[in-house]
Amino acid sequence: MATSPSLTTTSSSNTLLAGLNCTGNVHLVIGTNPLAAARCAQSLGAGAHPIVVAPETAELHYGLQQKIDDGSVKWVREEFEDDHLFRLGREEVGRVVDAVFVTAGASRDELASHISSLCKRNRIPVNVVDAPHLCTFSLLSVHSDGPLQIGVTTNGRGCKLASRIRREIASSLPPNLGAACHRFGEARRRIQQHDEGGSLGDLDDSVDQSALFNKLVTEEDDARRNRRMRWLSQVCEYWPLKKLASVTDDDVHRLLEAYASSAAESDAAKRRPRDGDFDDAGLERSQGKIILAGSGPGHPDLLTRATYNAIQTADLILADKLVPSGVLDLIPRRTPVEIARKFPGNAEQAQDELLAAALKHARAGKTVLRLKQGDPFIYGRGGEELAYFRQHGFAAAGAVTVLPGVTSALSAPLFAAIPATQRDVADQVLICTGTGKKGKAPSPPEYVPSRTVVFLMALHRIVGLVNTTTTTPSSSSSRTLWPLSTPCAVIERASCPDQRVIRTTLAHVAEAIEAEGSRPPGLLVVGRSCEFLHPRERGRAWVVEEGFRGLDDEGMLLPAQLQGLAAAVGA
Ligand SMILES: O=C(O)CCc1c2[nH]c(c1CC(=O)O)Cc1[nH]c(c(CC(=O)O)c1CCC(=O)O)Cc1[nH]c(c(CC(=O)O)c1CCC(=O)O)Cc1[nH]c(c(CCC(=O)O)c1CC(=O)O)C2
Ligand SMILES: C[S@@+](CC[C@H](N)C(=O)[O-])C[C@H]1O[C@@H](n2cnc3c(N)ncnc32)[C@H](O)[C@@H]1O
């Protein structure tokens, strides 16, 4: 999000996009045509002071005339002279103007060339319409909605196309997103104020989350400072945009207040329902039912029909944080939905809240859908939840239904063209966690050359994981170490439009994640199968692949992957 128009420096390669703070700047506009009027409007929108330089006799576009009449644009009624650049600017920068826009004349015009070289010599940013070679920056096609700005450039390869792309992007966004940016920005500011500068250092919104984004917040941590800010970041990362856009001031307030109470509770699971807390096991009432369902890795087409039907018919949906937004979008508008606040360090409380809510509403005769991500029984606490519901009055046949889901553990490798088992390459597959209960490091699986290992919940502690698998522990054991050359892949947001795959080896995976940032949820696949369809590219420590190619493509293999296959089988 930027508060001013984004400018790009112009060259034959791609440009550095930046949001410039133009408040109080002086922009010199040379020309009086409709473009000059548009440039003045853009400068005004960014808080700059446009000055038009044109002779008294010039014909003014009516929009420009209006702005001159109302005093927002100043008109210097003179032919352009070099010293305009050095005497019309702000006093605090020695009267040099901050930027120059030449809106008439174009490429063949000698004056335009002269102004451009003069500006370049004096390091004054200059833009000449329709003459990229004369520009030091170009303007983006910008969608603005309050503090939210989205800029698109094709870097001189078709501004009409850029504006079409911009419109298309803007139309795919939920309404009120600008207001949501404002609301969340305010919440952030309040947290920073109240929590004495609590900050995640995430001010640079041009990069993805760091790999530490999901690091467990422990009770020893400087709770207030970090936790509230983490909480807010988690909401921004995991909630669907539609939900973020519909948040009200009250919701934000409640979210932050809820944090305050959960932080107070964090020293114990005191209020957590436990076995025997309710003496109602076996007590069958006239009650509703609970459906515990998996929603797959991300793409809504990967839902089972059973889960889809449950989504359509439930009275209440209690969804986990990782449930993909494409799935949440299928929930009918009439159906209330709550998303778990399972943020690092708060998973237990959030789980308790959901279990209590599920019981309450099911006891009141409702059909409650506990919607989980992937498969509910694969690191999804599904077994725990089923046992809990059984112990609390939902033991009769049909009182709780469990519906499977496509697990990310097996589908993410598939979407990255990694066959988890492959004849002569991998004859077994192991799914394990990179993080144990309360953030503990589980003991790593031993190295078996013919095994594909999928690590869930591992990326926030990748350094520790690689260390324990590849180096000898101090208490020397006979464990076979993993060779650093073992191929591996990080697969993030598998089957979502922003899926990303990083192909590398154990030697470089931690460095790759550090360099590329994190895009949760993501997992790590290790083993020779990672290279079967993707032979390693010599001289490259890692390779990044962006995007999900959809479910309609024939095969799932890119031409490059097919070439890889040919190479792998020696064709
Ligand atoms: O004990 C804990 O829950 C905290 C330790 C912890 C775990 N993973 C972790 C953390 C750090 C953290 O959450 O801050 C690490 C963890 N848990 C999670 C994430 C989020 C992500 O991958 O983007 C991450 C970060 C992973 C990464 O950075 O790669 C989220 C998570 N853990 C879990 C669930 C499922 C659930 O709560 O129902 C969920 C999803 C919650 C949701 O969608 O709302 C559950 C979980 N957490 C954990 C385990 C392993 C337990 C074991 O078998 O030893 C398990 C599996 C299980 O309980 O059956 C451990
Ligand atoms: C708590 S586990 C839940 C797994 C889920 N029950 C399943 O079967 O996929 C969460 C972990 O699943 C993995 N995960 C979930 N969705 C993913 C996706 N779309 N792409 C890559 N990894 C994913 C990540 O490793 C994440 O840390």
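The values are calculated or read from the model by the stated rules, or taken from the named source; none is laboratory data. Given the structure is predicted, the values throughout are model-derived calculations rather than measurements. Cβ sites come from the backbone with ideal geometry, for glycine too, and all protein chains shown count toward neighbours. Heavy atoms of the whole protein, side chains included, go into the accessibility calculation; ligands, DNA and RNA do not. Shrake-Rupley method; radii C 1.70, N 1.55, O 1.52, S 1.80 Å.
Here are the numbers for the structure shown:
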item: Qualifying residues in the range 289-330 (those that are assigned to a loop (DSSP other than H, G, I, E, B) and of a type in the set (Ser, Thr, Tyr)) - the one most open to solvent (accessible area, probe 1.4 Å); result: Thr304
item: In the range 32-87, residue nearest to the chain's Cα centre (by Cα) [restricted to those that are more than 15 Å from Ala104 (Cβ to Cβ), assigned to a loop (DSSP other than H, G, I, E, B) and among the aliphatic types (A, V, I, L, M)]; result: Ala46
item: From the options Thr472, Thr468, Thr480, Thr435, residue that is farther than 23 Å from Lys372 by Cβ, within 16 Å of ligand 1 (Cβ to nearest atom) and not in a strand (DSSP E or B); result: Thr468
item: Pair list, Cβ < 6 Å and 6+ apart or interchain, from the range 234-257 residues that are under 16 Å from Arg189 (Cα atoms) to residues that are assigned to a helix (DSSP H, G or I); result: Val252/Arg183; Val252/Ala187
item: Within the range 336-351, tally of residues that are in a loop (DSSP other than H, G, I, E, B) and open to solvent by 10 Å² or more (accessible area, probe 1.4 Å); result: 5
item: Of all residues making up the range 238-250, the number that are surrounded by fewer than 17 Cβ atoms within 10 Å (Cβ to Cβ) and not hydrophobic (A, V, I, L, M, F, W, C); result: 5
item: Residue match in the range 23-46 (condition: open to solvent by 70 Å² or more (accessible area, probe 1.4 Å), at pLDDT 95 or above, within 26 Å of Arg121 (Cα to Cα) and touching a strand residue (DSSP E or B) at 6+ places or on another chain (Cβ under 8 Å)); result: no
item: Test set (1) charged (D, E, K, R); (2) open to solvent by less than 50 Å² (accessible area, probe 1.4 Å); (3) over 30 Å from Arg363 (Cα atoms) - Glu385 fails condition number; result: (3)
item: Number of the exception - Leu430 against (1) hydrophobic (A, V, I, L, M, F, W, C); (2) within 16 Å of ligand 2 (Cβ to nearest atom); (3) within 25 Å of Gly517 (Cβ to Cβ); result: (3)
item: Among (1) more than 12 Å from ligand 2 (Cβ to nearest atom); (2) open to solvent by 20 Å² or more (accessible area, probe 1.4 Å); (3) touching a Gly at 6+ places or on another chain (Cβ under 8 Å), the one test that Pro404 misses; result: (1)
item: Contacts under 8 angstrom Cβ, first residue in the range 390-415 being within 17 Å of Arg305 (Cβ to Cβ) and in contact (Cβ under 8 Å) with a residue 24 or more places away in the chain, partner open to solvent by less than 40 Å² (accessible area, probe 1.4 Å) and of a type in the set (D, E, K, R), 6 or more apart; result: Pro404/Asp375; Gly405/Lys372; Gly405/Asp375; Val406/Asp375
item: Search result, residues across the range 148-168 that are surrounded by 15 or more Cβ atoms within 10 Å (Cβ to Cβ) and not β-branched (Val, Ile, Thr); result: Leu148, Gln149, Gly151, Asn155, Gly156, Cys159, Ala162, Ser163, Arg166
item: Hits in the range 352-367 (condition: within 30 Å of the chain's Cα centre (by Cα), open to solvent by 10 Å² or more (accessible area, probe 1.4 Å) and of a type in the set (A, V, I, L, M)); result: Leu355, Ala357
item: Count of the range 485-507 residues which are without any contact (Cβ under 8 Å) to a residue 60 or more places away in the chain, open to solvent by 10 Å² or more (accessible area, probe 1.4 Å) and within 14 Å of ligand 1 (Cβ to nearest atom); result: 1
item: Arg166 vs. criteria of a type in the set (Lys, Arg) and in a loop (DSSP other than H, G, I, E, B); result: no
item: Some residue of the range 3-22 being in a helix (DSSP H, G or I), touching a Ser or Thr at 6+ places or on another chain (Cβ under 9 Å) and modelled with pLDDT under 95; result: no
item: Among the candidates Arg370, Arg390, residue that is open to solvent by 40 Å² or more (accessible area, probe 1.4 Å), of a type outside the set (A, V, I, L, M) and either assigned to a helix (DSSP H, G or I) or within 14 Å of ligand 2 (Cβ to nearest atom) (or both); result: Arg390
item: Matching entry among Val454, Val463 (being surrounded by fewer than 21 Cβ atoms within 10 Å (Cβ to Cβ), within 13 Å of ligand 1 (Cβ to nearest atom) and within 25 Å of the chain's Cα centre (by Cα)); result: Val463
item: Residue match in the range 410-430 (condition: closer than 23 Å to Arg341 by Cβ and within 15 Å of ligand 1 (Cβ to nearest atom)); result: no
item: Any pair with Cβ under 6 angstrom, 6 or more apart, that starts in the range 456-471 at a residue that is more than 9 Å from ligand 2 (Cβ to nearest atom) and ends at one that is open to solvent by 40 Å² or more (accessible area, probe 1.4 Å); result: Gly464/Ala441; Thr470/Leu481; Thr470/Leu484
item: The range 508-529: number of residues that are in a helix (DSSP H, G or I) and away from ligand 1 (no atom under 12 Å from the Cβ); result: 9
